[in-house]
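Report on the following structure.
None of the figures in this text is laboratory data; all of them are computed from the coordinates on show. Model, not experiment: these values are computed from the prediction. Here Cβ is always computed from backbone atoms with ideal geometry, including for glycine, and neighbour counts include all displayed protein chains.
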């Protein structure tokens, strides 16, 4: 679940958007060589458990109601992942 949280974070989206080729209409050309460059941050067992717990909550909410608003949990997950990378993302939507 920790890895799922990292891969679905704004940090990962920002990285992928910065390394992938852009094609027609702004779509990204996804290749394994690009995805393989994504660094997985080092995390203690407690940090991994925290992120995994947030992901579990998101999945449980969506399993109960696919339209559930999980924005707050997603924001907490993003913040936890960004803290692991030790950087700040630029303001604005990812991929802009």
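General remarks:
- Protection proxy ranking, peptides 63-72, 43-52, 5-14, average beta carbon neighbours within 10 Å, highest first: 5-14, 43-52, 63-72
- Full extension of the chain between residue 4 and residue 65 yields a length gain of 20.0 nm, computed as 0.36 nm times the residue separation minus the alpha carbon distance.
- Alpha-carbon centroid distance for the pair the range 60-77 / the range 1-16, whole angstrom: 16
- Using a Förster distance of 41 Å, the FRET efficiency for residue 47-residue 25 (Cβ separation, nearest 0.05): 0.65
- Relative to the longest principal axis of the Cα atoms of the chain, helix 45-64 runs at roughly 90 degrees.
- Note on the chain: helix-only mean residue ellipticity at 222 nm, from DSSP H runs of 4+ residues weighted -39500 (n - 2.57) and normalised by residue number, equals -17500 deg cm²/dmol.
- Taking the convex hull of Cα positions in the chain, its mean projected area over all directions (nm²): 6.9
- Cα-based Rg and Dmax for the range 5-51, where Dmax is the largest Cα-Cα distance (Å): 13.0, 42
- Angle between the chain longest axis and helix 71-85 axis [Cα atoms, degrees, rounded to 10]: 70
- Helix 10-19 vs. the chain, principal-axis angle (Cα, 0 to 90°, nearest 10): 10
- Sorted ascending by nearby beta carbons within 10 Å, beginning with the fewest, 87, 55 become 87, 55.
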